[in-house]
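This report concerns only the one structure given below.
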Amino acid sequence: EARLAASRSSRADRMKAISAREAAPEKVLMRDYIDARFNLGEFLLPAVVVILAVTILGSYWQTVTLIATLAMYLFIFGVFVDGYLMWRGFKKVLAARLPKASPKGLLLYGMTRSTQIRKFRSPAPRIKRGDAY
């Protein structure tokens, strides 16, 4: 019972620390900024799975495999370009709304969130795509 109580206490402490870290104003702004825009990265995982399946199934046809591989690399490149544009836009918003906030660590945080499927993001999106943030 003591081990179970210690485990519960440890989990509660970890959850409090995560909640406090996620409540930082710059992270809230980043989440809302990401959730309000269309992100190409949201479709990265499903697209890569489909492209890899086509590559495997098309292993008998070299042309299909080549086209699928090129499509996958082009899609990944597009996600990086979208991430770059997202970061440029976010830095302007951050400077306007929270001028003293540091952008340190937010690029990776934003890229990670923008490549997650919207339904599975944690914390869940507070605003809909296209809404004001």
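Can you tell me the accessible area per residue over the chain, all protein chains present, probe 1.4 angstrom, in square angstrom?
Per-residue value: 70 Å².
Work out the FRET efficiency for Tyr133 and Phe80 from their Cβ-Cβ distance, taking R0 = 22 Å, and round it to the nearest 0.05.
That gives a FRET efficiency of 0.40.
Give me the one-decimal nm value for the distance between modelled label points at Arg37 and Lys92, 7 Å along each residue's Cα-to-Cβ direction.
Between Arg37 and Lys92, the label points sit 1.0 nm apart.
Count of lysine pairs in the chain with Cα atoms under 25 Å apart, counting only pairs 8 or more residues apart in sequence or on different chains?
16
Would you work out the Kirkwood radius for the chain? I mean one over the mean of 1/r across all pairs of different Cα atoms, in Å.
17.3 Å
GNM, the chain, Cα, under 10 Å: largest mean-square fluctuation among Ile117, Ile67, Ile18?
Judging by the Gaussian network model, the answer is Ile18.
Pop the C-beta distance of Ala12 and Ala53 into the FRET formula with R0 = 35 Å and round what comes out to the nearest 0.05.
E(calc), rounded to 0.05, equals 0.25.
Name the residue farthest towards the positive end of the dipole of the chain from the options Ala53, Thr115, Ile67, assuming +1 on Cβ of Lys and Arg, -1 on Cβ of Asp and Glu, about the Cα centre.
Selected residue: Thr115.
Have a look at Tyr84, Tyr60, Tyr109 and tell me which one the Gaussian network model of the chain (Cα, springs below 10 Å) gives the largest fluctuation.
Fluctuation is largest for Tyr60.
Please state the relative contact order of the chain as a whole percent: Cα pairs under 8 Å, 6+ residues apart?
42 percent
Of Ala47, Ala95, Ala17, which has the largest mean-square fluctuation in a 10 Å C-alpha GNM of the chain?
In the Gaussian network model the winner is Ala17.
How large is Rg over Rh for the range 28-72, taking Rg from the Cα atoms and Rh as the Kirkwood inverse mean of 1/r across Cα pairs?
1.27
In the chain, carbon and sulfur make up what percent of the accessible area (probe 1.4 Å)?
Numbers: 6250 of 9270 Å².
Here carbon and sulfur together make up 67 percent of the probe-accessible area.
Let's see if you can work this out: charge +1 on each Lys and Arg Cβ, -1 on each Asp and Glu Cβ, no other charges. What is the dipole magnitude of the chain about its Cα centre, in debye to the nearest 20?
Dipole of the chain, to the nearest 20 debye: 600 debye.
Below 13 angstrom from the Cβ of Ser9, what's the summed charge of the other residues (Lys, Arg +1; Asp, Glu -1)? Working shown, then result.
Details: positive: Arg3, Arg8, Arg11, Arg14, Lys16; negative: Glu1, Asp13.
Once positives and negatives cancel, what remains is +3.
Could you work out how far apart the two model spin labels at Lys100 and Val64 are, taking each label as a point 7 Å from the Cα in the direction of the beta carbon, and quote it in nm?
6.1 nm
The values are calculated or read from the model by the stated rules, or taken from the named source; none is laboratory data. Treat the numbers as computed from the prediction; the structure is a model and nothing was measured. Glycine gets a Cβ as well: all are built from the backbone with ideal geometry, and neighbour counts include every protein chain shown. We work out accessible area using only protein heavy atoms, side chains counted, and drop any ligands, DNA or RNA first. Shrake-Rupley method; radii C 1.70, N 1.55, O 1.52, S 1.80 Å.
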